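Just below is one structure, and these are the notes that go with it.
The values are calculated or read from the model by the stated rules, or taken from the named source; none is laboratory data. Computed from a predicted model, the values in this text were never measured in an experiment. Note that each Cβ is placed from the backbone with ideal geometry, even for glycine, and that neighbours are counted across all protein chains shown.
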Amino acid sequence: MTRTRPAVWAFVLLVVVTAVSVWLGQGGGGSRRAATVGIVVAAFAKVLVVGESFMELHLAPLWLRVGFATWAVGMATTLVALYLS
Amino acid sequence: VAGDLFVFSVFFTVFVHERGRDPAGYGAARDHLNLGIGTFDTLALLIGSILVVFGVDAVRRGLAGPAGRLFAAAMSYGLLFAAAKVTEWVLLARNGHTPRTQDFYMYYFVLTGIHLAHLTVATGMLALARRIAARRVIAARDVQVIESIGIFWHLVDLLWMVLFALLYLMR
């Protein structure tokens, strides 16, 4: 149980961020554009949590962790830029 | 995994680009999706993921019985996801929303269809993990196979996180 406790916290965090994202998607969070940026950023934050915790990237070589994080941040930035352009 | 991430990255980018050409039309089409089903799907995959984490941990500790039950439980959440997704497809089609009626629905059906195909494979692989975990002796190689199956399941979960945001939530 001790070894899986961080994953349980990750699960709780993912559920909470999902709830916030749904709230933003339903009209919360002020302007439409600000809410959508929040939704996209939250989605890739969840991706990073799934990668680091569930996929155990925190135990992987540094190049793999950096590569995955670079992909997630790069995708979030690209999608936000496309949305705002 | 890297190949799937690359292909879906292209899908995500194309979808958001195309959405930018008709934000009002895509937004109106999005409103016909069932957010309750989308949220249910998200939670089903998250619960499946934590069960897979527990299952892999049980295999590493040599607890074959609990591992098998955890993988079976995770599979049931995969099946729940699939049932909910097919239900939503049928409801949309009955209301006249098909890939031919609007570009948004074309992307919606194609992207969720490809994702469901991945989920089906992942659920089938969990059945294999369950069989491996049922062996009397689990070799180190078997543990690696089960860990790889777990990573594929989490990839399917991860891809849905983004699809859910882009298809159901973007405004």
Search region B:52-67 for residues being aliphatic (A, V, I, L, M) and at the interface with chain A (Cβ under 10 Å from one of its Cβ atoms), and hand back the single one that is nearest to the chain's Cα centre (by Cα).
-> B:V52
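Given the criterion among the aliphatic types (A, V, I, L, M), exposed (fewer than 14 other Cβ atoms within 10 Å of the Cβ) and more than 23 Å from B:V7 (Cβ to Cβ), identify the matching residue among B:A44, B:A24, B:A64, B:A84.
Within the list B:A44, B:A24, B:A64, B:A84, the selection yields B:A24.
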All positions within region A:43-85 that are surrounded by fewer than 18 Cβ atoms within 10 Å (Cβ to Cβ) and among the charged types (D, E, K, R) | A:E56, A:R65
Would you point out the residue of region B:25-49, among those that are within 11 Å of chain A (Cβ to nearest Cβ) and of a type in the set (A, V, I, L, M), that is nearest to A:V22 (Cα to Cα)?
-> B:L35
Residue pairs meeting the criteria (Cβ under 8 Å; at least 6 apart or on separate chains; first on the phi > 0 side of the Ramachandran plot, in region B:61-79; second at pLDDT below 90 and not in a helix (DSSP H, G or I)) = B:G62/B:I138
Counting only residues in region B:116-171 that are of a type in the set (S, T, Y) and surrounded by fewer than 17 Cβ atoms within 10 Å (Cβ to Cβ), the one farthest from A:L82 (Cα to Cα) is identified as B:S148
Those residues of region B:135-171 which are away from every other protein chain (no Cβ under 14 Å), part of a helix (DSSP H, G or I) and of a type in the set (D, E, K, R) amount to B:R141, B:D142
Across (1) within 12 Å of the chain's Cα centre (by Cα); (2) within 30 Å of B:V56 (Cβ to Cβ); (3) more than 7 Å from chain B (Cβ to nearest Cβ), A:G38 clears everything bar (2)
Residue check, A:V80 touching a residue at least 12 places away in the same chain (Cβ under 8 Å) and either touching a strand residue (DSSP E or B) at 6+ places or on another chain (Cβ under 7 Å) or of a type in the set (V, I, T) (or both) | yes
